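> Have a look at this one before I ask anything.
The values are calculated or read from the model by the stated rules, or taken from the named source; none is laboratory data. Keep in mind that this is a model prediction, so the values were computed, not measured. Backbone-built Cβ (ideal geometry, glycine too); neighbour counts: all protein chains shown.
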Amino acid sequence: MEEQDLNFYNAETGCCPRFNPEPFDEKEHTWQDKLFVKDKIRCLCHIPLNFGPVIVRNTKKIAKAQALIQEPPILLCDEESSWSTKLYIEATKDVPDAKMAKISGTFLTKVFEGPYKEVKNWYKQMGEFVRSKGKEPKNIYAYYTTCPKCAKHYGKNYTVMVAEV
């Protein structure tokens with residue numbers, strides 16, 4: 001596949017589509033067996049080393065299986081350690097040659113805007129937000145909505161923190 005073949009959502013950048021934060025800012029979502037392709041990102045002291053190639057590889061598999069959702073997919077990152085992050089990419093059906101995961105539960109989401117170096121603070125703020133709603137976070141995921149190049153183009157770098165409650 002050529003790079004342009006990855007522009008499934010007709011993004012003006014040819015890469016990541018413009019993100020609409022409204023459906024995710026301080027919202028509650030209930031998922032029942034939401035389907036994701038699951039993979040791993042190698043990290044060095046929490047810095048992802050192969051994020052882009054892992055996204056491209058899995059997006060190609062999802063497209064080939066005709067499992068793309070109509071809207072840009074939710075991408076959840078679950079930091080296992082400073083050396084590894086689990087990545088979940090939303091899909092509409094099982095994808096051959098991919099590990100699949102189903103996620104169910106109630107989730108609170110909150111949108112943050114700023115440089116990626118603030119993620120550590122956003123995890124803390126998300127925990128505080130969840131507790132302010134009288135709930136306790138079971139797990140917090142980061143949903144990076146655009147790559148650095150596209151964030152620069154759009155002038156906004158949104159990250160959605162997704163807390164399972």
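> Within region 124-160, how many residues are polar (S, T, N, Q), surrounded by fewer than 20 Cβ atoms within 10 Å (Cβ to Cβ) and at pLDDT below 95?
Counting residues in region 124-160 that are polar (S, T, N, Q), surrounded by fewer than 20 Cβ atoms within 10 Å (Cβ to Cβ) and at pLDDT below 95 gives 0.
> Something else: Cβ contacts < 8 Å: first residue within 18 Å of ILE74 (Cβ to Cβ) and among the β-branched types (Val, Ile, Thr), restricted to region 102-126; second residue at pLDDT 95 or above and part of a helix (DSSP H, G or I), any location; separation 6+ or different chain. Result?
Within 8 Å, the pairs are THR109/PHE24; VAL111/PHE24.
> Out of region 34-78, which residues are within 16 Å of ILE103 (Cβ to Cβ) and of a type in the set (D, E, K, R)?
LYS34, LYS38, ASP39, ASP78
> Against the definition (in contact (Cβ under 8 Å) with a residue 60 or more places away in the chain, of a type in the set (Asp, Glu), out of contact with any Gly (no Cβ under 7 Å at 6 or more places or on another chain) and under 19 Å from VAL160 (Cα atoms)), how does GLU22 come out, yes or no?
no
> Against the condition surrounded by 14 or more Cβ atoms within 10 Å (Cβ to Cβ), small (Gly, Ala, Ser) and more than 16 Å from the chain's Cα centre (by Cα), how does ALA11 come out, does it pass?
So ALA11 fits the description; yes.
> Next question, about the same structure. Can you tell me which of VAL111, VAL56, VAL119 is assigned to a helix (DSSP H, G or I), within 14 Å of the chain's Cα centre (by Cα) and closer than 14 Å to THR159 by Cβ?
VAL119
> Of the conditions (1) surrounded by 18 or more Cβ atoms within 10 Å (Cβ to Cβ); (2) at pLDDT 95 or above; (3) under 16 Å from the mean Cα position of the chain (by Cα), CYS16 satisfies every one except a single condition; which number is it?
So CYS16 meets the others, but not (2).
> Filter region 138-164 down to residues that are under 18 Å from the mean Cα position of the chain (by Cα) and part of a loop (DSSP other than H, G, I, E, B) and give me whichever is farthest from SER104 (Cα to Cα).
Per the criteria, the residue is LYS156.
> ASP78 versus (1) under 13 Å from the mean Cα position of the chain (by Cα); (2) over 25 Å from PHE129 (Cβ atoms); (3) modelled with pLDDT of 95 or more: which is the lone unmet condition?
Looking at each condition in turn, ASP78 falls short on (2).
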